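Take a look at the structure below.
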Amino acid sequence: MATVAKTFLGLWIAAFVAAAFVWLPPAQGFQSEDLARILAFHLPNAIVAIVAALAAGWFAFRYLRGRDLLDDGKSRVAAVLALIFCLLTTVTGMVFAQVQWGAPWSWDPKQTCIFVLLLIYAAYFVLRAGIEDPEKRASVAAVYLLFAAVMTPMLGYVVPKRLPSLHPTDTKLDAKYHTVIWSGTAGLVGLYFWLQALGGRYERVRLRLEAREAEQED
């Protein structure tokens, strides 16, 4: 990413964080109207987790078509980022739950679904660690990530919407909330693509070094 683009991204995210704390008004319909500002962080992280999961599935599909280990590496990077954003979504959600419902965890359907998602991604890395052959590991991991890519939006959005939940449904967010939430989402999506690009470069270098080591051993 060019220096100008990285600078713009940094300023954009800084402005988003400042706006969330300073510009947003208290939100009506919440136990703590002031702390409802955490939605400005919770929702963008959840959206970016889905973006990262779909990217992981895309790179996994590309690997299955072309058998290029670089695509396997990129899918692994995207899976790591999907897990990180899922964790950030969980943590911000727990802070919200502590204030709104009196406990950080109550096995609400949305909490249960994201817990299952965390288990899915944890199992992915355990699966990779258990297979030594690079090509076999890449193939099995790619198929698994396609499954994870489907389950992430399902468990992150579709299934919880169909179940009764403690999450409020009658709240009215000021228009400023929509502006900040979508601005934050745009900034975090940009951050995701930057981190994905860095991870892709790392994977490219790693594969080259491994190829050289293999040549030297031969």
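Derivation of every value follows stated rules applied to the coordinates shown; laboratory data play no part. Predicted, not measured: the structure shown is a model, and the values here were computed from it. We place every Cβ from the backbone using ideal geometry, glycine too, and count neighbours over all the protein chains shown.
With angles folded into 0 to 90 degrees, how steeply does helix 39-66 sit against the dominant principal axis of the chain? Use alpha carbons for both and round to 10. So the helix axis and the longest Cα principal axis differ by about 20 degrees. How high is the FRET efficiency from Phe8 to Leu209, r the C-beta distance, R0 41 Å, rounded to 0.05? Calculated transfer efficiency: 0.80. Calculated FRET efficiency, Ala129 to Ala175, Cβ-Cβ distance, R0 = 35 Å: about 0.15 to the nearest 0.05.
What ranking, highest mean first, results for peptides 16-26, 112-122 when packing means the other Cβ atoms within 10 Å averaged over each residue?
Working: 16-26: 14.8, 112-122: 17.4.
Ranking the peptides 16-26, 112-122 by packing returns 112-122, 16-26.
Pairs of Cα atoms nearer than 8 Å and 6+ residues apart set the relative contact order; for the stretch 81-126 it is 37 percent. Based on C-alpha pairs under 8 angstrom that are at least 6 apart in sequence, the stretch 35-143 has a relative contact order of 31 percent. For semi-axes √(5λ) of the Cα gyration tensor in Å, pick the label among (1) 36, 22, 12; (2) 32, 28, 16; (3) 29, 21, 16 that corresponds to the value derived from the coordinates. Structure-derived value, by its label: (1).
With respect to the chain, whose longest principal axis is taken over its alpha-carbon atoms, helix 175-217 is tilted by about 20°.
Spacing of the modelled spin labels on Val95 and Tyr157, each 7 Å from Cα toward Cβ, amounts to 2.4 nm.
Tell me the angle of helix 69-101 to the major Cα principal axis of the chain, expressed in degrees between 0 and 90 and rounded to the nearest ten. Helix 69-101 and the main axis of the chain meet at about 20 degrees.
Rounded, prolate or oblate: which fits the stretch 48-119, taking a ≥ b ≥ c as square roots of the Cα gyration tensor eigenvalues, rounded meaning a/c under 1.5, else prolate when a/b beats b/c? Cα axes put the stretch 48-119 in the prolate bin. The slack between Ser32 and Asp68, meaning 0.36 nm per residue of separation minus the straight C-alpha distance, is 7.9 nm.
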